[in-house]
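Okay, so here's the structure we're looking at.
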Amino acid sequence: MTFRPTTIERAYELAKSGSCRTVGDIKVKLQQEGHERVQDRLYGGSLTSALRKLCVAHYVAPEGEDEPARVVEEDEEEDA
């Protein structure tokens, strides 16, 4: 039997990997990997916020591509 991480576990792995700039990027990759009901499984403010923070902290822009300026979304609070 082959172990496959759950959708949420894999989402955290992707967020920490540095390859995903946004939670949307994570959702696309999860769907490409064959995870089902991604929207339902990654629903909720706390989870989305945690994944977003990990993406921002770990994202590495591909070589030759400038990292875009960070945009603060309406539902995201800046650290004061």
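The table that follows gives values for the structure above.
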{"item": "Where a residue in segment 2-29 is without any contact (Cβ under 8 Å) to a residue 12 or more places away in the chain and its partner, wherever it lies, is assigned to a helix (DSSP H, G or I), with Cβ under 7 Å and at least six apart", "result": "P5/E13"}
{"item": "When residues of segment 1-16 are limited to those that are outside any loop (DSSP other than H, G, I, E, B) and either hydroxyl-bearing (S, T, Y) or in contact with a Gly (Cβ under 6 Å, 6 or more places away or on another chain) (or both), the one farthest from E63 (Cα to Cα)", "result": "T7"}
{"item": "Tally, over segment 17-47, of residues that are under 20 Å from Y59 (Cα atoms), open to solvent by 90 Å² or more (accessible area, probe 1.4 Å) and hydroxyl-bearing (S, T, Y)", "result": "1"}
{"item": "Scope segment 53-66; condition among the charged types (D, E, K, R) and either modelled with pLDDT of 95 or more or open to solvent by 100 Å² or more (accessible area, probe 1.4 Å) (or both); matching residues", "result": "K53, E63, D66"}
{"item": "Scan of segment 17-31 for residues that are within 20 Å of E65 (Cβ to Cβ) and assigned to a helix (DSSP H, G or I), ordered by number", "result": "S17, V23, G24, D25, I26, V28, K29"}
{"item": "Unique residue being under 12 Å from the mean Cα position of the chain (by Cα) and either among the hydrophobic types (A, V, I, L, M, F, W, C) or at pLDDT below 95 (or both) when the list is A50, A69", "result": "A50"}
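The values are calculated or read from the model by the stated rules, or taken from the named source; none is laboratory data. Note that this is a predicted model, so its numbers are computed, not measured. Ideal geometry is used to build each Cβ from the backbone, glycine not excepted, and the neighbour counts take in all protein chains shown. Keep in mind that these areas ignore ligands, DNA and RNA; they rest on the heavy atoms of the full protein, side chains included. Shrake-Rupley method; radii C 1.70, N 1.55, O 1.52, S 1.80 Å.
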